[in-house]
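In what follows, a single structure is set out as structure tokens and then discussed.
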Amino acid sequence: MSNTPVAFRDARPILQDCDSRLQAILNNAILPFWFPQVVDTVHGGYQLNHDAQGRFLGPSDKMLVTQARTMWFFAYLRNHGYNKAEYIEAARHGFDYLRDTMWDKEQGGFFWQVDSSGKPTRTMKHLYGQGFALYALSEYALAFSSQPALDLATRLFNLLETKAHDPLYGGYRESFQTDWTVPSDDEPGYLSAPHDYKLMNTHLHLMEPLTVYYEASKSPLARERLLELIQIQSNAVVRKTVGACTDKFTRDWRPVPKPEYDVVSYGHDIENIWLLMLACETARLPNGPFLDLYTTLFDYSLRHGYDKSAGGFYYYGPFNQDATNKAKVWWVQAEALVASLSMYHLTQDKRYLDIFTQTLDWTEHHMVDWEHGDWHANVPDNRARPEGKAHAWKGPYHNGRAVVRCSALIQAMLK
């Protein structure tokens with residue numbers, strides 16, 4: 001794979017072709033699947049319980065993470081010029097549900113999960129879920145110049161500041177009881193980790209909403225926290241001797257010394273790259289000083305987690321070894337598309353354009369479900385597994401964002 005610089009103008013035919021294909025994926029596979037069938041017109045919010053063929057399996061619990069992600073996606077469409085009235089209404093529908101049903105009116109913050117009718121079923125306050133609520137509210141505030149959404153986002157941001165921010169070691173404490181007290185050690189958490197751990201994954205998805213919240217609010221404190229999260233995601237979670245990130249850390253950011261934690265999630269590392277780029281741009285920091293890090297993280301995932309014969313990225317593997325979990329999961333391919341195109345946008349290095357086009361080729365031919373809509377959840381050995389299309393952890397956020405953002409990046413390069 002060549003690392004020859006290729007100016008945008010010289011890549012124009014390739015970029016134009018890729019943009020046409022991205023638009024086809026969005027308009028013919030993603031959007032028709034997610035609207036209108038997921039909008040719950042009876043109880044509010046979104047009903048996300050569909051099988052591999054896209055058939056609705058009946059009412060199910062509604063988790064904050066995917067309720068917020070789905071609302072975020074419809075607001076994101078508006079922010080990128082997709083102004084159909086039904087998408088605008090779908091975004092408003094989600095905002096109303098977060099505000100009126102999932103917000104804890106007594107203790108503040110959002111419930112982790114409610115049943116199909118809106119009754120809280122899991123009430124702990126984990127910052128992974130709170131972060132996605134902040135992401136959705138901030139995107140909605142930008143999309144519609146909505147003061148109520150910005151007010152609720154600010155209320156949530158201030159709550160996280162007083163209840164969860166860690167001024168001693170940086171970052172955030174993650175797991176709390178309904179009333180924002182710290183759970184006991186023997187109480188099970190929501191992300192399969194002890195309550196006092198700090199996770200790369202959670203802090204990645206706190207940097208992500210803080211980027212949008214700062215853009216919407218211009219709060220000096222939000223920028224300060226965003227800079228802190230940039231430091232964490234570019235330094236604290238990076239295993240310097242490996243050239244990749246891991247997920248589990250003690251409160252003072254020491255890697256937890258357990259063999260099962262010495263693994264690299266390729267999708268999270270490459271997602272971290274482009275979210276760091278965006279955070280730096282929003283905070284008005286140059287990306288140049290981070291380029292060596294971006295290259296190191298991308299090269300590691302490419303070396304150990306990329307299917308060099310068929311295309312597509314695998315799930316995870318141990319340090320300095322090839323992937324041991326060779327599932328090809330939908331969200332990993334989505335983040336690979338954005339990261340590789342973002343690296344090309346930043347560097348004009350042809351090898352990133354090559355990875356982008358190869359990943360798009362593989363996704364288009366193996367992951368997009370042109371018959372039943374959206375993307376397959378998992379395609380090992382280039383054959384889709386019969387896994388659900390929509391559920392508590394799968395919505396339109398990863399792949400919908402990927403095709404919209406990649407199209408926007410291509411339009412910027414073509415100009």
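Screening the stretch 109-158 for residues that are out of contact with any helix residue (DSSP H, G or I) (no Cβ under 7 Å at 6 or more places or on another chain) and among the β-branched types (Val, Ile, Thr) and picking the one that is least open to solvent (accessible area, probe 1.4 Å) gives 123.
Within the stretch 280-291, the set of residues being free of Cβ contacts under 8 Å to residues at least 40 places away in the same chain and either outside any helix (DSSP H, G or I) or aliphatic (A, V, I, L, M) (or both) comprises 284, 286. For the stretch 217-232, does any single residue satisfy the condition of being over 17 Å from residue 274 (Cβ atoms), open to solvent by less than 70 Å² (accessible area, probe 1.4 Å) and not in a helix (DSSP H, G or I)? Among the residues of the stretch 217-232, at least one is over 17 Å from residue 274 (Cβ atoms), open to solvent by less than 70 Å² (accessible area, probe 1.4 Å) and not in a helix (DSSP H, G or I), which makes the answer yes. In the set 14, 25, which member is of a type in the set (Val, Ile, Thr), assigned to a helix (DSSP H, G or I) and open to solvent by 70 Å² or more (accessible area, probe 1.4 Å)? Going through 14, 25 in turn, just one is of a type in the set (Val, Ile, Thr), assigned to a helix (DSSP H, G or I) and open to solvent by 70 Å² or more (accessible area, probe 1.4 Å): 14. Of the residues making up the stretch 42-82, not one is at positive phi and in a helix (DSSP H, G or I). Cβ-Cβ distances below 6 Å connect the following pairs, each with a first residue in the stretch 363-390 that is over 23 Å from residue 406 (Cα atoms), a second residue that is open to solvent by 20 Å² or more (accessible area, probe 1.4 Å) and assigned to a helix (DSSP H, G or I), and a separation of six or more residues or different chains: 382/366. Close Cβ contacts (under 8 Å, 6 or more residues apart or on different chains) running from residues in the stretch 292-316 that are under 10 Å from residue 328 (Cβ atoms) to residues that are in a loop (DSSP other than H, G, I, E, B) and among the basic types (Lys, Arg) comprise 307/326; 307/328; 312/328; 313/328; 314/326; 314/328; 315/326; 315/328.
Condition first: of a type outside the set (A, V, I, L, M), open to solvent by 80 Å² or more (accessible area, probe 1.4 Å), out of contact with any strand residue (DSSP E or B) (no Cβ under 9 Å at 6 or more places or on another chain) and more than 29 Å from residue 345 (Cα to Cα). Can you find one or more residues in the stretch 36-47 that meet it? Yes, the stretch 36-47 contains a residue that is of a type outside the set (A, V, I, L, M), open to solvent by 80 Å² or more (accessible area, probe 1.4 Å), out of contact with any strand residue (DSSP E or B) (no Cβ under 9 Å at 6 or more places or on another chain) and more than 29 Å from residue 345 (Cα to Cα).
Quick check on my filter: what residues within the stretch 169-186 are open to solvent by 40 Å² or more (accessible area, probe 1.4 Å) and closer than 30 Å to residue 235 by Cβ? Within the stretch 169-186, 169, 173, 182, 185 meet the criteria. Scan the stretch 150-166 and give yes if some residue there is touching a residue at least 12 places away in the same chain (Cβ under 8 Å), in contact with a Gly (Cβ under 9 Å, 6 or more places away or on another chain) and polar (S, T, N, Q), otherwise no. No, because not a single residue in the stretch 150-166 is touching a residue at least 12 places away in the same chain (Cβ under 8 Å), in contact with a Gly (Cβ under 9 Å, 6 or more places away or on another chain) and polar (S, T, N, Q). Being out of contact with any Cys (no Cβ under 6 Å at 6 or more places or on another chain), part of a helix (DSSP H, G or I) and either open to solvent by less than 40 Å² (accessible area, probe 1.4 Å) or small (Gly, Ala, Ser) (or both) is a description that does not apply to residue 195. Exactly one of (1) open to solvent by 10 Å² or more (accessible area, probe 1.4 Å); (2) under 22 Å from residue 131 (Cβ atoms) is unmet by residue 66. Its number? (1) is the only condition that residue 66 fails. Within the stretch 235-251, the set of residues being within 13 Å of residue 200 (Cα to Cα) and open to solvent by 10 Å² or more (accessible area, probe 1.4 Å) comprises 235, 236, 238, 239, 247, 248, 250, 251. Listed by first and then second residue, the pairs with beta-carbon distance under 7 Å, at least 6 apart or on different chains, first residue in the stretch 212-241 and within 19 Å of residue 151 (Cα to Cα), second of a type in the set (Phe, Trp, Tyr) and surrounded by fewer than 17 Cβ atoms within 10 Å (Cβ to Cβ), form an empty list. Remark: residue 83 falls outside the filter, which requires a residue to be free of Cβ contacts under 8 Å to residues at least 60 places away in the same chain and either within 23 Å of residue 369 (Cα to Cα) or of a type in the set (Phe, Trp, Tyr) (or both).
The values are calculated or read from the model by the stated rules, or taken from the named source; none is laboratory data. In this text the structure is predicted, and so the values were computed from the model without any measurement. Please note: Cβ atoms are built from the backbone with ideal geometry, for glycine as well, and neighbour counts cover all protein chains shown. Each accessible area value is taken on the protein alone, full model and side chains, heavy atoms only, with ligands, DNA and RNA left out. Shrake-Rupley method; radii C 1.70, N 1.55, O 1.52, S 1.80 Å.
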